[in-house]
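Undergrad: My questions will all concern the structure given below.
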């Protein structure tokens, strides 16, 4: 079988693609799939450019002297993709891990959850964060949700400062 006859039989078998509704439908479907994939990839690149620079190590610092939260710790932000970070930290209070999600519409705001991972400690809560315009520090509001309203130090605020 010659190449010409192979190409001819192949084009005869696929000739329906070059005319009529079926051909237009298949072409439209293929172009739509590629357009969706391209839009998703571009969105992920934009989110990465916006949020990935926040990844790193941050020291805990007081906002003012009356803070009731230990400020001897370190928090690590690990970029997971999109607008999401894995968090881990340690201080005199213990070791914890969590997740943060940054807002896409207001990129300097985010929130997430944390849980202490030390043995015999059941303690968790919510982080609400606001990134400074220079991206060198992050204001953090911590709400401990483990104790309800009976725990006096349930809410506190401090800074994460880039090391």
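Values quoted throughout were computed directly from the atomic coordinates according to the rules given, and no laboratory measurement underlies them. Keep in mind that what you see is a predicted model, and the values were worked out from it rather than measured. A quick note on method: Cβ atoms are made from the backbone with ideal geometry, for glycine too, and the neighbour counts reach across all protein chains shown.
Undergrad: If you take the beta carbon distance between residue 154 and residue 57 as r and set R0 to 25 Å, what does 1/(1 + (r/R0)^6) give as a FRET efficiency, to the nearest 0.05?
TA: The computed FRET efficiency comes out at 0.40.
Undergrad: How far apart, in nm, are the 7 Å Cα→Cβ label points at residue 143 and residue 104?
TA: 2.4 nm
Undergrad: When you count, for each residue, the other Cβ atoms within 10 Å and take the mean per peptide, how do 73-79, 118-124 rank with the highest first?
TA: The most tightly packed comes first, giving 73-79, 118-124.
Undergrad: A follow-up question, please. Using 7 Å Cα-to-Cβ label points, what is the residue 95/residue 64 separation (nm, one decimal)?
TA: For residue 95 paired with residue 64, the spin-label model returns 3.5 nm.
Undergrad: A further question on this structure: Can you give the FRET efficiency for residue 126 and residue 42, using 1/(1 + (r/R0)^6), R0 = 30 Å, r = Cβ-Cβ distance, to the nearest 0.05?
TA: Working from the Cβ atoms, E equals 0.40.
Undergrad: Assuming R0 = 30 Å, can you tell me the calculated FRET efficiency for the pair residue 84 and residue 22, based on Cβ-Cβ distance, to the nearest 0.05?
TA: With a Förster radius of 30 Å, E is 0.10.
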